[in-house]
Amino acid sequence: MKEAFSSPADSLLFLREPEIRRGIELLYFGYSTIYQSIDSLLTKNRLGQAHYRSLYFIARKPDISVGELLRLLNITKQSLGRVIHDLEEKELIVIRQGERDRRCRLLKLTASGSALEGQLFGLIRDKMAKAYAKSGADAVTGFWQLLENLLSVETKILL
């Protein structure tokens, strides 16, 4: 899979197919590697990566509505419904009605949900921090810019 060059600096033609393919591969394998670091803890708790993504965004925004979480995760209502059911059954989240709109369901982590999310995030944080430190500030800034340029306008609004 790897082409003759080892970094984008080796080729000033960043938009050629081989460089784009290499970037896609690096994104995929980087993402996979990060999330492999939490798989054993998720399995131990009989959860999957969709559960973690939900825990993560509920932790980031307590009292997030189910609708907003749906938009952030970009998954089906049915898939999120299963995840929410599992998390509630394991007493990792609580669900309450909205104050203005009783049809709105708001999600919040319980103490045990917060503790588990913190453990999972800690594993990912350590892996990211090592990669950031090894790459340097300019590379991290460039990486963030690249990722932000990949986001849709709708996703930028949600974040």
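Couplings 3J(HN,Hα) for the stretch 89-99, derived from phi with the Karplus relation 6.51 cos²θ - 1.76 cosθ + 1.60 (θ = phi - 60°), are 4, 7, 6, 9, 9, 10, 10, 9, 6, x, 6 Hz, where x marks Gly and Pro. Return one number: the angle in degrees, 0 to 90 and rounded to the nearest 10, between the long axis of the Cα atoms of helix 49-60 and the longest principal axis of the Cα atoms of the chain. The two axes meet at around 80 degrees.
The modelled label-to-label distance for the pair His85/Ile124, using points 7 Å beyond Cα in the direction of Cβ, is 2.5 nm. Under a 5 Å amide H cut-off, with hydrogens placed 1.01 Å from N, Ile64 pairs with Leu107 among residues at least 5 apart or on other chains.
The angle between the Cα long axis of helix 111-135 and the main principal axis of the chain comes to about 10°, on a 0 to 90 degree scale. One entry in (i) 18.6, 60; (ii) 16.4, 52; (iii) 17.5, 48 is Rg and Dmax of the Cα atoms in Å calculated from the shown coordinates; its label is (i). Ordering of 138-150, 108-120 by packing is 108-120, 138-150, highest average first (other Cβ atoms within 10 Å, averaged per residue).
With respect to the cross-link table entries Lys44/Lys90; Lys77/Lys108; Lys61/Lys90; Lys44/Lys134; Lys77/Lys156; Lys90/Lys156, which display a Cα-Cα separation exceeding 23 Å? Correct reply: Lys44/Lys134; Lys90/Lys156.
No value in this document is a laboratory result; all are computed from the given coordinates. All values reported here derive from a predicted model rather than from experimental measurement. For neighbour counting, all protein chains shown are included, and Cβ atoms are generated from backbone atoms with ideal geometry for every residue, glycine included.
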